[in-house]
1. Give me the net charge of Ser77's neighbourhood, meaning all other residues with Cβ under 9 Å from the Cβ of Ser77; Lys, Arg count +1, Asp, Glu -1.
2. Can you list the HN-Hα couplings for segment 142-147, worked out from phi with the Karplus curve (6.51, -1.76, 1.60; θ = phi - 60°), rounded to whole Hz and with x for Gly and Pro?
3. If I ignore ligands, DNA and RNA and count only protein heavy atoms, how much of Asp63 is accessible to a 1.4 Å probe, in Å² to the nearest 10?
4. Counting only C-alpha contacts under 8 Å and six or more residues apart, can you give the relative contact order of the chain as a whole percent?
5. Check which residues have an amide H placed less than 5 Å from Leu329's amide H, if you skip close sequence neighbours.
6. Residue by residue through segment 218-229, which ³J(HN,Hα) values in whole Hz follow from phi under the Karplus form 6.51 cos²θ - 1.76 cosθ + 1.60 (θ = phi - 60°), with glycine and proline marked x?
7. Mind running the shape call on segment 223-356? Use the C-alpha gyration tensor, a ≥ b ≥ c as the square roots of the eigenvalues: rounded below 1.5 for a/c, prolate if a/b tops b/c, oblate otherwise.
8. Roughly how many whole Å is it from the C-alpha centroid of segment 247-301 to that of segment 66-97?
Amino acid sequence: MKKLLSLGLCLVMTICLFSGCGSSNKYPNGKVYVYNWGEYIDEETIKLFEKETGIEVIYDEFDTNETMYPKIEAGASNYDVVCPSDYMIQKMVDNDLLAELNWDNLPNARANIGAEYYEQSLAFDPGNRYSVPYCWGTVGILYNTTMVDEPVTSWSILWDEKYKDNILMQDSVRDLFMVGLKRLGYSMNSTNEAELQEAKDLLISQKPLVQAYVIDQVRDKMIGDEAALGVIYSGEAIYTQRENPNLAYVIPEEGTNVWIDSWVIPKTAENKENAEKFIDFMCRGDIALMNFEFITYSTPNTAARALIEDDDIRNSEIAFPDLSQYDNLETFSYLGEEADTLYNDLWKEIKSYTSY
């Protein structure tokens, strides 16, 4: 019987060895579950974090705030770190989904993130209790200078019939309505039903001119000369210009969205201490620089910006614009469930509209 028990024990140990039961030896300090946008981090930074801390990172991606939110609300996935946008952070705060940060565990976040970004964050995170800025930027028009002759200064060019089937719009409710509302001179945070109906009608009138409503594909299509004009995030614009020098980016004169994506910790997080270690590691100057160089989205990390060797990038008007020279800039706010429903219903009308 003892021999059988001994053989059984050896068999169990062998199975564990080859099935990864011994992974705790590689990661003695536990795990952290991270939920982030697609292609929004340099994977080398994750490997460095695991090596330096002994914490394993389990990493998942989402494509919009609206697909991310239900998973956090349900609490089924138990993510420890998430990277929502400004207005969605406000919604998560309002619905008591986030844990307060222990700033004593975040020295890099306190030292390296510029004060102006914490100031901007107050609009959606009063008291800076829940979020640490990760990336920021603007939304504008990317255009191909070989296809567009006239100066691009206004959102109105996206309604010019000579660019029919050469216009790309964002497949995102708030970003799409931002363009319509701004062109009409309204706030992109409007909850006025008449203004939203007017924006919907304007966007429907544009639909026959639109080649596609897309997100990440704007980048690839513009690089490949498959469209003349596209609504794009500034970080994507930086990347596209590297790949296609004929592309130019502009913030329209009617104003636009200045956004911030930030790290937060859900209340359901089971590894909060590891989550704070992950966030603070990402706020280290050299690590933030690696992420900036990989994803090309503007970093709020002043230590990282100081480390940028390329003067053109460090002083880029796309990556680090002087926002004081622009009018009517706003940050998205969470508008409440009733307004969310209205926006979504109007968006469905736009998507379902067919011209004959």
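1. Net charge around Ser77: 0.
2. Here the 3J(HN,Hα) series is 9, 9, 8, 5, 8, 10 Hz.
3. We get 90 Å² for Asp63.
4. Relative contact order of the chain: 26 percent.
5. Long-range HN contacts for Leu329: Thr256.
6. My calculation for segment 218-229 gives 3, 4, 5, 5, 5, 4, x, 6, 8, 7, 8, 9 Hz in order.
7. It comes out oblate by the Cα gyration axes.
8. Spelled out, the Cα-based centre of one part sits 16 Å from the other.
The values are calculated or read from the model by the stated rules, or taken from the named source; none is laboratory data. Note that the coordinates shown come from a computational prediction; the quantities given were computed from them, not determined experimentally. In this analysis, Cβ positions are derived from the backbone assuming ideal geometry, glycine residues included, and neighbour counts consider all displayed protein chains. Please note that ligands, DNA and RNA were not included when accessible areas were found on the heavy atoms of the full protein model with its side chains. Shrake-Rupley method; radii C 1.70, N 1.55, O 1.52, S 1.80 Å.
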